[in-house]
Amino acid sequence: MNKYASGFLIVTLVVVIDQITKYWVEAQMAYQQQIELLPFFSLFRTHNEGIAFSMLRGLGPWPLVLIAVAVVCFVAWLWRSNPSYRWLSHLAFGLIIGGAIGNIIDRVMYGYVVDMFLFYLENWSFAVFNIADVAISVGAGLVILDELITWRKTKMIDRNPE
């Protein structure tokens, strides 16, 4: 399977899983309802009108849609520019684009992003997030990992020319 076919599959899976979970949460939970699943993890239905950690909240949905579309275009360009053997980056780009599209769909449909996962302790809680956010974060981490691996391989080749 070439990098575009496998990437399309990754993007599609992320968007479908993200939208199914968001649809379920919107249909089954009241706004700001919390369902404890573990002593440190709950489902918590909320809406994010900004981007990560509610930044740019007052900007409105359409500027954020335009920012997200620009990010998708940039990541797609990176994806196209990357050689086929950089499979980890291709996986990462698929995750990032799928996550961004999942959140774009929410912004266009509702004017906000549906969030539902909450990690917390007695005196601390993490930002509420969704599957799309997980995909974007994991994808970004994989890009960094792939760059470090590639850099390391390059340094090893430079040290041991054959």
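Here is a list of conditions, (1) of a type in the set (D, E, K, R); (2) in contact with a Lys or Arg (Cβ under 6 Å, 6 or more places away or on another chain); (3) at pLDDT 90 or above, and ASP18 meets all of them except one; can you say which number that is? Answer for ASP18: the failing condition is (2).
Only residues that are over 19 Å from the mean Cα position of the chain (by Cα) and closer than 22 Å to TRP77 by Cα were counted across segment 4-53, and they come to 1.
Just checking, does segment 65-87 include any residue being of a type in the set (Gly, Ala, Ser) and at pLDDT 95 or above?
First, pick out the residues of segment 65-87 that are of a type in the set (Gly, Ala, Ser): 68, 70, 76, 81, 84.
In the following step, the residues that additionally are at pLDDT 95 or above were identified as none.
Within segment 65-87, not a single residue is of a type in the set (Gly, Ala, Ser) and at pLDDT 95 or above.
For every residue, the table says whether it meets (1) surrounded by 14 or more Cβ atoms within 10 Å (Cβ to Cβ); (2) out of contact with any helix residue (DSSP H, G or I) (no Cβ under 9 Å at 6 or more places or on another chain); (3) over 27 Å from TRP151 (Cα atoms).
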position: VAL65; (1), (2), (3): yes, no, yes
position: VAL72; (1), (2), (3): yes, no, no
position: VAL75; (1), (2), (3): yes, no, no
position: TRP87; (1), (2), (3): no, no, no
position: LEU95; (1), (2), (3): yes, no, no
position: LEU121; (1), (2), (3): no, yes, yes
position: ASN130; (1), (2), (3): yes, no, yes
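Summed over segment 1-52, residues that are in a strand (DSSP E or B) and not acidic (Asp, Glu) total 12.
The set of residues in segment 21-61 that are closer than 28 Å to PHE93 by Cβ and modelled with pLDDT of 95 or more comprises THR21, LYS22, TYR23, TRP24, VAL25. A Cβ distance below 6 Å, combined with a sequence gap of six or more or placement on separate chains, defines the contacts here; from segment 13-36, residues that are under 16 Å from PHE129 (Cβ atoms) reach residues that are surrounded by 11 or more Cβ atoms within 10 Å (Cβ to Cβ) and charged (D, E, K, R) in the pairs VAL25/ARG45; MET29/ARG45. The residue pairs whose first member lies in segment 119-132 and is within 19 Å of THR12 (Cα to Cα), whose second member is surrounded by fewer than 20 Cβ atoms within 10 Å (Cβ to Cβ), and whose beta carbons are closer than 8 Å, counting only pairs six or more residues apart or on different chains, are ASN130/THR21; ASN130/PHE117; ILE131/ILE17; ILE131/THR21.
The values are calculated or read from the model by the stated rules, or taken from the named source; none is laboratory data. Owing to the predicted nature of the structure, the values given are computational and were not obtained by experimental measurement. Using ideal geometry, Cβ is built from the backbone for each residue, glycine included, and neighbour counts are taken over all protein chains shown.
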